[in-house]
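A quick write-up on the structure given underneath.
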Amino acid sequence: MSLRRISDREFEAWVEEALASVPEAFRRYLENVVVAVEEEPTEEDYDETDTPDDEDLFGIFRGVPYFERSEVVSNLPAQIAIFRGPILRGCRSRGEAVREIRDTVVHEVGHMLGLDDDEMPY
């Protein structure tokens, strides 16, 4: 099965499955966060995350970090974007893709909580 042929609807079902498997300790922080599926990251996403152009970016947290929200007024909800294209290119099976989506969501929750990449296990 080529993962590149997965429909948008099926990929979104994988995202829902992955979200349901996020550990409870992290899931509670997702209550007021929009998790969106986007096809590819933008140049701005690469710049914001300091991701080299030759590496794939699977997701990004956009918004005010959780513990800074009382200091900043924003009408926009926090968002975690999951990038469909890079995940499908980087994974060989449905199970691997679901795990990668879950790991990406947990990683982005870490950023939402103010952690840097070097402070997270993945």
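At-a-glance table
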quantity	calculated
Å² per residue, accessible surface of the chain at 1.4 Å	62 Å²
GNM result for the chain, Cα springs below 10 Å: residue of Ala36, Ala78, Ala97 fluctuating most strongly	Ala36
With Cα atoms, 0 to 90° folded angle of helix 8-20 axis to the chain main axis	50 degrees
On Cα atoms only, tilt of 94-112 relative to the major axis of the chain in degrees	10 degrees
Extension gain from Asp118 to Asp50, taking 0.36 nm per residue of separation minus the Cα-Cα distance	23.2 nm
Percent carbon-and-sulfur accessible area, region 14-56, ignoring ligands, DNA and RNA, probe 1.4 Å	43 percent
Debye equation applied to the C-alpha atoms of region 24-105, log10 I(q)/I(0) at 0.13 Å⁻¹	-0.46
Rough spin-label spacing in nm, given labels placed 7 Å along Cα→Cβ, for Glu17 and Arg94	0.5 nm
About the Cα centre, charge dipole magnitude for region 28-122 (Lys/Arg +1, Asp/Glu -1 at Cβ), debye	820 debye
Solvent exposure ordering (accessible area, 1.4 Å, most first) of Arg62, Arg5	Arg5, Arg62
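The values are calculated or read from the model by the stated rules, or taken from the named source; none is laboratory data. In this text, all values refer to a predicted model and were calculated from it rather than measured experimentally. We place every Cβ from the backbone using ideal geometry, glycine too, and count neighbours over all the protein chains shown. These area figures cover heavy atoms from the full protein model, side chains too; ligands, DNA and RNA do not enter into them. Shrake-Rupley method; radii C 1.70, N 1.55, O 1.52, S 1.80 Å.
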